[in-house]
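The structure appears right after this line, and notes come after that.
The values are calculated or read from the model by the stated rules, or taken from the named source; none is laboratory data. As the structure is a prediction and not an experimental result, all values here were calculated from the model. Neighbour counts are summed over all protein chains in view; Cβ atoms, including those assigned to glycine, are modelled from backbone coordinates with ideal geometry. Note: accessible area is taken over every heavy atom of the protein model, side chains too, but ligands, DNA and RNA are not part of it. Shrake-Rupley method; radii C 1.70, N 1.55, O 1.52, S 1.80 Å.
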Amino acid sequence: MNRSLLYVTIGPVQSFIEQARKTQDLYIGSLLLSHLSQTGMNLIRSEYGGTIIFPNPENDSAPNRFVASLSGHYSIDEVGRQVEWHIHEEFMRIGKSLIGPDKLSFFVSDSFRQSYFEQLEAHLQIFWVGIPYDDYHRSYAKLETLMGQVKNIRPFRQIEEQGRKCNLTGEHNVLFYRNPRVDKEGKRKFFIPEEAIPLNGERYVSYIREGEYLGALGFIKRFAFMDEAFKNKKIQFPSTAKVAMLDILTDEEIENDHIDYAYVFDILNENPPANDITEQQRRESDKLIQRLKAEKKRPNPYYAMIVFDGDSMGEWFGGGKLVHKEQLEAFQEKFTFCLGEYAKWAKRYLNGSRGKTVYAGGDDLFGFINLGCLFEVIDQLRQEFDRQVNQKLQGEFELSGQLTFTAGICIGHYKEPLADVVRGARYAEKIGKKVEPKRPDEQEKDAFCISVLKRNGEHLISALKWGVSSQENESTPRLLQQILALMTKHFSDTFLQVLSRELFAFTRKPFRGMMEAELRRLLNRSFKKVDGVSREETVEELLSLLMKLWKISDYLPTINQKAVGVQTENHSILNFINTLYILSFLKRHQADGKGDGQ
């Protein structure tokens, strides 16, 4: 009996998730997309008896796309239209429920309803293609091609709007706001539509800050937790300030949702609180402040954001690396299962004292990491991806390559605009994807790139391969962790400052012997004397590690952003020095340290 393939995508993706001012905006955007994907997959399974090929439908986080196989009994055109209609209706139902009288107590005018639903209608984009198939491999390749053609045509609805735009999206008129001045001085003065609704009550303090203006999509991202679809989900997501502080919090404090960590930072830094908080938040926050003062602990104000994506995943899932193409269906089934299991593990591993995942789909991940365990976490994520996905596929199928992923990491201050850190992480991932192999045994990509956005405006960026060499268990993140530990305990930053000035004059990478001799001299001069610690042995230990880093520093591709540290056109020198400056930055901003706030 003939069967059919159906491929559905929901968009826009990055803008839907990443247009955010708070971490919770990111999380709810991801949660909404996952829910809409699950809605489409559930319909296919329950109404049409279809099989979901990708992703694993049991996974908590579903990507914005899915592929299904259906019996030839059903018209693929009819199924596609029904899936599109159900996804669209669920999105509109959520929007409608949030302005119902049982959710928020405000009057909704007809003009407001028209603007609200116009904005929602104009946002969601659902694309689908379906074809009957006999030869699975050829049909799947055709399906991918057709979807690419469909997505090249971008229909859109034009909305005529004039006035102040939403703080989150910057695209549509304000429909909700929190600003008492507006009600006193008139909406026209602030370019706010007359139908816009004020959310000035205390019950809204946790969800919309004073001076914020939201359109329909921004409102949904802030208040979707009130819909029945998410009643069993824990919507509370840690702020960037909390992520930065995770390594000095107790388990009880991590679980306490009533602590305002930006307030804690403000009080510890003897600054006036920047935001309104409730009385309960003030009480719980003051308890944490008292403990940190009593224990003389100073939290680190920086955190890391990570985005990673499997390398060439379309080619892999389409069977491009599969030697025996007739095994594609079985290969995709195993692939989907392995990715689903890895996604579950990644969420369990990261969530808690290490950080928090926004989204984990198996082939990609988006989340936050506390700086105290940055290198440990990224190394573990990479090692487990290889063990749980790549090695299991290699064990069952003959493949013409190794499955890898590339990560972009951006380190930012908790006060840095969240959108800037998201862009920094995406840019770092883009740079990592451009890394080219330098040795015959290396693959393209398979790298990570770290970007640092300092408060003084400086920007550091470095890109490295995951492995130091082909030797077992010799990973670059562990190498960086070892260098950081020795720099922190036994060396001042003098050697780095002198070295960067010296390397300024070089247009090409110095010979290894020359570099080793100069590093040994500089490390001896910057060594901090400690009783019982051998200067010679410690210098040689760090020198050995630095020379390994020097050897693998050839991977930074062309960048179009200013990278500070050393001004040189040689990318190997730039990569090496910037990596050391990043480690020096992390050294200064250890929790309990006396960071300079930069």
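Out of (i) 22.4, 66; (ii) 26.3, 81; (iii) 35.5, 126, which label holds the value of Rg and Dmax of the Cα atoms in Å that was computed here? Checked against the structure: label (ii).
Quickly estimate the mean residue ellipticity at 222 nm for the chain, helices only: each DSSP H run with n ≥ 4 gives -39500 (n - 2.57), and the total goes over all residues, rounded to 500. One gets -14500 deg cm²/dmol as the mean residue ellipticity at 222 nm. The listed residues Lys321, Lys438 rank as Lys438, Lys321 when sorted by accessible area, largest first, using a 1.4 Å probe. Remark: spin-label model distance Gln14-Thr507 equals 3.6 nm, labels positioned 7 Å along the Cα→Cβ axis. Set Lys and Arg Cβ to +1 and Asp and Glu Cβ to -1, take the dipole of the chain about its Cα centre, and tell me which of Tyr213, Ser109, Tyr74 lies farthest positive. Selected residue: Tyr213. Could you point to the residue in Leu464, Ala224, Met147 farthest towards the positive end of the chain's charge dipole, with +1 and -1 charges on the Cβ of Lys/Arg and Asp/Glu respectively? Of the options given, the answer is Leu464. Before anything else, pin down the relative contact order of the chain: Cα pairs under 8 Å, at least 6 apart, normalised by residue count, whole percent. The normalised contact order for the chain reaches 12 percent. Sorted largest first by accessible area at a 1.4 angstrom probe radius, with every protein chain in place, the residues Thr406, Thr488, Thr39, Thr558 fall in the order Thr558, Thr488, Thr39, Thr406. The separation of the stretch 291-330 from the stretch 127-142, counted between C-alpha centres, amounts to 29 Å.
Of Leu453, Leu549, which has the most accessible area with a 1.4 Å probe, and how do the rest follow in descending order?
Solvent-accessible surface, decreasing: Leu453, Leu549.
When the Cα centres of the stretch 420-474 and the stretch 43-115 are compared, how far apart do they sit, in Å? Computed from Cα coordinates, the inter-centre distance equals 37 Å.
Leaving out ligands and nucleic acids, and using a 1.4 Å probe, what accessible area per residue does the chain come to in Å²? Don't skip to the end; give the middle numbers.
Details: 26840 Å² over 598 residues.
About 45 Å² of surface per residue is accessible.
Spatially close Lys pairs in the stretch 396-503, defined by Cα atoms under 17 Å apart and a spacing of eight or more places or different chains, total 9.
Antiparallel beta bridges, as assigned by DSSP with both residues in the chain, represent about 85 percent of the total such bridges.
Treat every Asp and Glu Cβ in the chain as -1 and every Lys and Arg Cβ as +1, leave all other atoms uncharged, and give the resulting dipole magnitude about the Cα centre to the nearest 20 debye. Please report the intermediate quantities before stating the final value.
Working: 80 positive and 82 negative charges, 346 e Å.
Result for the chain is approximately 1660 debye, rounded to the nearest 20.
With 0.36 nm allotted per residue and the present C-alpha distance subtracted, the Thr145-Glu58 stretch has 28.6 nm of extension available. Among residues other than His86 with Cβ under 13 Å from its Cβ, the summed charge is -2 (Lys and Arg +1, Asp and Glu -1).
With N set to the number of residues, divide the alpha-carbon radius of gyration of the stretch 239-373 by 2.2 N^0.38 Å and report two decimals. It would help to have the intermediate numbers written out before the result.
On the way: Rg = 20.9 Å, N = 135, 2.2 N^0.38 = 14.2 Å.
That ratio works out to 1.47.
The charge dipole of the stretch 241-388, taken about its Cα centre with unit charges on the Cβ atoms of Lys, Arg (+1), Asp and Glu (-1) only, comes to about 360 debye.
Determine one quarter of the surface area of the Cα convex hull of the stretch 414-456, which equals its mean projected area, and express it in nm² to one decimal. It would help to have the intermediate numbers written out before the result.
Values: hull surface 14.4 nm².
Computing the convex hull of the Cα atoms and averaging its projections yields 3.6 nm².
For the chain, the share of accessible area belonging to carbon and sulfur comes to 46 percent (1.4 Å probe, ligands and nucleic acids excluded). Each label was represented as a point 7 Å from its Cα along the Cα-to-Cβ direction; for Asn269 and Ser534 these points are 4.4 nm apart.
Calculate the FRET efficiency for His258 and Met92 from the Cβ-Cβ distance with a Förster distance of 30 Å, rounded to the nearest 0.05. Numbers along the way, then the final one.
On the way: r = 34 Å, r/R0 = 1.13.
It comes to 0.35.
What FRET efficiency would be calculated for the residue pair Ala485, Glu384, taking the C-beta separation as r and a Förster radius of 22 Å, to the nearest 0.05? E(calc), rounded to 0.05, equals 0.45. Placing a label point 7 Å from the Cα of Ser400 along the Cα-to-Cβ direction, the residues of the stretch 291-330 whose backbone N falls under 19 Å from that point are 311-330.
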